[in-house]
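*Asks:* What follows is a structure written as structure tokens; I'll ask about it next.
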Amino acid sequence: MNEMLRIACVSRRFGGIQAVRDCNISVQSGSITGLIGPNGSGKTTLFNLITGVYSPDEGEILFEGKTITNLPPSRICHGGLSRTFQITRLFWEMTALENMIVPIRQVGFRSLLGPDMFRNEIDRAMGLLERVGLTHLKDEPARKLSFGQQKLLEFAAILMADPKMVMLDEPAGGVNPTMIRFIMDLIRDLNKEGVTFLVVEHNMGVVMELCDHVIVLDQGTKLAEGSPEMIQTNPAVLDAYLGT
Amino acid sequence: MEFLRRWWKLIALLILLAFPWVYREPYYHSLGFFVLLYAMMATSWNIMGGYTGYKSLGHSAFYGLGAYLVAIAANKLGWNPLISAPFLAIIVALVAVLLGWIMLRTSGSAFVIATIAMLLIFRITALNLREITKGAPGLSQPLPPWSPEFSRMPFYYYILFWLIVALFVSWYIRRSRFGLGLVAMRDDEGKAEMVGVNTTLYKILAFGVSAYFVALGGGVWSYFTSHISPIYAFDILVGVDMILMTMLGGLGTLWGPVLGAFILVPARDLILFKFGSTSIYLAITGGLMMLVIIFMPKGFLTTITDWVENRHAPRAAHQGARSMADIYDSSSEKKQGEDESSHE
């Protein structure tokens with residue numbers, strides 16, 4: 001398997017807090033990789049470093065072998081790397097359908113000014129909305145959707161950019177068991193279609209069932225990695241979670 | 001009612017075309033000119049301040065720059081202002097792009113302060129660059145060649161034409177992917193960047209476009225008044241007026257800025273006429289504005305359309321979404337038609 005994403009010796013400090021420290025992580029192409037760790041272990045900071053929200057103080061981030069360190073987030077998205085947020089972020093005043101149309105992979109001046117581009121994109125958006133079961137809500141403003149629907153919409157919308165790799169920040173956080181099942185099936189299906197996943201999740205049941213590789217972060221650096229079974233029995237991991 | 005809904009734009013245009021012939025006094029031509037001028041400039045400001053949400057208080061800088069460029073070109077090179085203004089405004093738009101590249105690193109109130117600072121820099125420069133601007137006394141330029149009796153009318157029709165162009169540009173941007181990106185940025189700029197919208201580029205382009213028509217307006221105004229000075233050309237109130245009109249009519253809507261100009265410009269003239277040429281009109285417009293912000297924060301147009309739609313339908317449909325839904329419906333209908341024809 002090829003390497004999709006590589007984080008090499010990345011560090012980032014916020015004032016007196018070393019959020020990420022000399023972190024080395026690799027995500028294999030075609031995998032569903034889980035990223036777990038106690039609160040404050042640097043998972044979300046790592047996401048923000050990868051997607052260009054923050055720049056690393058040290059180290060390098062490679063996507064498909066090319067460096068994406070210090071690129072603006074839009075360029076990273078154009079390269080095929082998309083993410084969702086722990087606290088769902090949508091364009092609240094826009095409708096579900098409009099939320100779907102905003103994300104794009106690449107854009108030139110012609111498509112920038114051409115509303116005619118909308119036609120096939122709307123067809124694609126409607127296809128994806130149907131896949132997540134939100135077709136009937138396409139004209140509702142995003143803020144009127146329920147929490148679970150908003151999460152699904154955010155997920156579906158980033159797929160419009162046709163990403164090679166998707167990073168999900170707690171996809172199962174705060175949603176009911178039926179919805180968790182649905183989201184897991186969706187992730188698996190997309191994975192079969194060739195999308196690589198990096199998933200931050202606190203629900204261990206989901207991580208163990210969904211992921212084929214798990215990375216454990218603690219205090220901003222990699223503590224352990226391996227198959228879900230290996231992680232479950234790793235004494236260092238148990239120690240980090242339960243404390244000493 | 002249905003007839004009105006379908007044809008109101010044409011009817012409005014016909015009324016505007018006939019207006020100078022019905023009200024023949026130069027005063028009305030002058031008033032009409034300023035209504036249309038401010039409608040155009042507010043429409044232009046709205047592209048940045050309304051769609052994107054970056055509220056510039058310094059757009060008078062582009063107004064003054066346009067005015068001075070046109071006046072200087074008329075004096076030194078003999079260029080006809082009505083011909084040169086649309087071209088010289090391109091230069092101002094490019095200047096705005098350059099300044100935007102610097103200023104748009106800030107956002108929120110810091111951006112507002114930056115735009116005011118920009119305006120003050122232009123104003124002080126114009127006051128002190130005496131070789132070019134003649135300083136505080138200002139610049140005069142030749143009067144229009146046509147007879148004084150009709151002196152206001154060509155200006156009126158000229159600016160009416162450019163108002164239509166500005167409205168078309170505003171409409172086109174709102175319907176394009178570019179416009180969708182701008183509105184997305186107003187909701188959540190960080191998220192927009194994260195899903196692939198090049199927010200820096202979008203903001204700078206929108207800033208340039210919104211400076212263009214303001215600069216054009218300044219150029220035409222300088223010919224209209226035939227004498228300009230830094231105090232009036234780089235007057236912060238010109239920019240404030242654009243904002244007041246846009247917010248009064250409906251921020252981020254296509255017709256809101258126009259509606260705002262049609263209300264506010266005559267109202268201000270009326271106040272000036274009633275109370276004399278004192279600063280009382282400032283206090284009155286300020287008071288009106290406070291009332292609007294408290295009771296109709298979305299402006300007249302949005303409040304009224306929401307009210308009408310809530311009466312007709314239980315839920316208010318989003319304006320942009322409705323148009324997108326139309327596209328979707330029409331495209332799927334078209335597809336069905338194609339499918340049927342292929343079966344035959």
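*Asks:* Rounded to the nearest 500, what is the 222 nm mean residue ellipticity of chain B from helices alone, with -39500 (n - 2.57) per DSSP H run of 4+ residues and division by all residues? It would help to have the intermediate numbers written out before the result.
*Replies:* Numbers: 16 runs with 263 residues, N = 344.
The per-residue figure over chain B is -25500 deg cm²/dmol.
*Asks:* So what are the ³J(HN,Hα) numbers for the range B:84-90, from phi and the Karplus equation (6.51, -1.76, 1.60; θ = phi - 60°), rounded to whole Hz, Gly and Pro as x?
*Replies:* 6, 3, x, 7, 5, 5, 5
*Asks:* Summing -39500 (n - 2.57) over the DSSP H runs of n ≥ 4 in chain A and dividing by its residue number, what mean residue ellipticity at 222 nm do you reach, to the nearest 500 deg cm²/dmol? Could the numbers behind the result be given before it?
*Replies:* Details: 10 runs with 89 residues, N = 244.
Estimated from H runs of four or more residues: -10000 deg cm²/dmol.
*Asks:* What does the net charge come to around B:I228 if you take all other residues with beta carbon closer than 11 Å to its beta carbon, with K and R at +1 and D and E at -1? Each step should come with its number before you reach the end.
*Replies:* Working: positive: B:K134; negative: B:D235.
So the environment of B:I228 carries a net charge of 0.
*Asks:* Of all beta bridges DSSP finds with both residues in the protein assembly as shown, what is the antiparallel percent, to the nearest 5? List each step's numbers first, then the result.
*Replies:* Working: 23 of 39 bridges.
That works out to approximately 60 percent antiparallel.
*Asks:* Each residue of the range A:18-32 in order: what ³J(HN,Hα) in whole Hz does its phi give by Karplus 6.51 cos²θ - 1.76 cosθ + 1.60, θ = phi - 60°, with x for Gly and Pro?
*Replies:* Those phi angles translate into 8, 6, 10, 10, 6, 8, 10, 9, 9, 10, 7, 5, x, 9, 10 Hz.
*Asks:* By accessible area of protein heavy atoms, probe 1.4 Å, what ranking do B:W171, B:W21, B:W162 get, highest first?
*Replies:* Values: B:W171 105, B:W21 130, B:W162 35 Å².
Sorted by accessible area, descending: B:W21, B:W171, B:W162.
*Asks:* Measure nothing fancy, just the Cα-based angle from helix A:177-192's long axis to the longest principal axis of chain A, in degrees from 0 to 90, nearest 10.
*Replies:* Computed tilt is about 90 degrees.
*Asks:* Given +1 on the Cβ of Lys and Arg, -1 on the Cβ of Asp and Glu, and no further charges, what dipole in debye does chain B carry about its Cα centre, rounded to the nearest 20? Please list the in-between numbers first.
*Replies:* Working: 25 positive and 20 negative charges, 153 e Å.
About 740 debye.
*Asks:* Give me the inter-chain shielding for B:182-188: mean count of other chain Cβ atoms within 10 Å, whole number please. Present the calculation step by step, with values, prior to reporting the outcome.
*Replies:* On the way: counts 0, 5, 9, 2, 3, 11, 7.
Shielding by partners across B:182-188 averages 5.
*Asks:* Given a Förster distance of 25 angstrom, what is the FRET efficiency for A:E60 paired with A:S227, based on the Cβ-Cβ distance and rounded to 0.05?
*Replies:* Working: r = 27 Å, r/R0 = 1.09.
Efficiency, from the Cβ-Cβ distance: 0.40.
*Asks:* For A:V199, what residues show an amide H to amide H distance below 5 Å, using hydrogens built from the backbone and excluding near sequence neighbours?
*Replies:* So A:V199 has HN proximity to A:T33, A:G34, A:L35, A:L168.
*Asks:* Once amide H atoms are built 1.01 Å from N in the peptide plane, which residues 5 or more positions from A:E3, or in another chain, come under 5 Å H to H?
*Replies:* A:S29
*Asks:* Moving to a separate point now. Calculate how steeply helix B:236-249 sits against the longest principal axis of the alpha-carbon atoms of chain B, using the helix alpha-carbon long axis, and give the answer as 0 to 90 degrees to the nearest 10.
*Replies:* It is inclined by approximately 30 degrees.
*Asks:* Give me the percent relative contact order of chain B, please, defined on Cα pairs under 8 angstrom at least 6 residues apart.
*Replies:* 30
*Asks:* Rank-order B:249-256, B:103-110 by packing density, defined as the average count of other C-beta atoms within 10 Å over each peptide's residues, highest first.
*Replies:* Details: B:249-256: 23.9, B:103-110: 14.4.
In descending order of packing, they fall as B:249-256, B:103-110.
*Asks:* May I ask you to list the lysines whose Cα is less than 23 Å away from that of A:K192, ignoring any residue fewer than eight positions away on the same chain?
*Replies:* Filter leaves A:K151, A:K164.
*Asks:* Hey, another quick one. Top to bottom by accessible area (1.4 Å), largest first, where do A:L62, B:L4 land? Kindly include the intermediate steps, with their values, before the conclusion.
*Replies:* On the way: A:L62 40, B:L4 90 Å².
The ranking, largest first, comes out as B:L4, A:L62.
*Asks:* Let me ask something else about it. Can you give the mean number of other chain Cβ atoms that lie within 10 Å of the Cβ atoms in peptide A:74-80? Could you put the intermediate results ahead of the total?
*Replies:* Working: counts 12, 3, 3, 6, 2, 1, 0.
Partner-chain Cβ atoms within 10 Å, mean over residues of A:74-80: 4.
*Asks:* Right, here's the next one. Could you tell me the extents of chain B's C-alpha atoms along the three principal axes, largest first, rounded to whole Å?
*Replies:* So the three principal-axis extents are 73, 49, 47 Å.
*Asks:* Mind checking A:95-101 for the average number of partner chain beta-carbons within 10 Å of each residue's beta-carbon? List each step's numbers first, then the result.
*Replies:* Details: counts 8, 1, 6, 8, 4, 1, 6.
Across the residues of A:95-101, the mean count of other-chain Cβ atoms within 10 Å is 5.
*Asks:* Taking θ as phi - 60°, what are the ³J(HN,Hα) couplings along the range A:218-232 by the Karplus curve (6.51, -1.76, 1.60), each to the nearest whole Hz, with x for Gly and Pro?
*Replies:* 8, 6, x, 9, 6, 9, 7, 7, x, 6, x, 5, 4, 5, 4
*Asks:* If you line up the long axis of helix A:118-131 against the longest principal axis of chain A, both from Cα atoms, how many degrees apart are they, to the nearest 10?
*Replies:* Its long axis makes an angle of about 60 degrees.
*Asks:* For a quick check: with amide H placed at 1.01 Å from N, whose amide H comes under 5 Å from A:M94's, ignoring anything fewer than 5 positions away on the same chain?
*Replies:* For A:M94, the qualifying residues are A:A142.
*Asks:* Give the accessible area for A:R6 in Å² (nearest 10); use a 1.4 Å probe, count only protein heavy atoms, and leave out ligands, DNA and RNA.
*Replies:* Answer for A:R6: close to 80 Å² accessible.
The values are calculated or read from the model by the stated rules, or taken from the named source; none is laboratory data. Note that the coordinates shown come from a computational prediction; the quantities given were computed from them, not determined experimentally. Cβ sites come from the backbone with ideal geometry, for glycine too, and all protein chains shown count toward neighbours. Note: areas computed on protein heavy atoms with side chains; ligands, DNA, RNA excluded. Shrake-Rupley method; radii C 1.70, N 1.55, O 1.52, S 1.80 Å.
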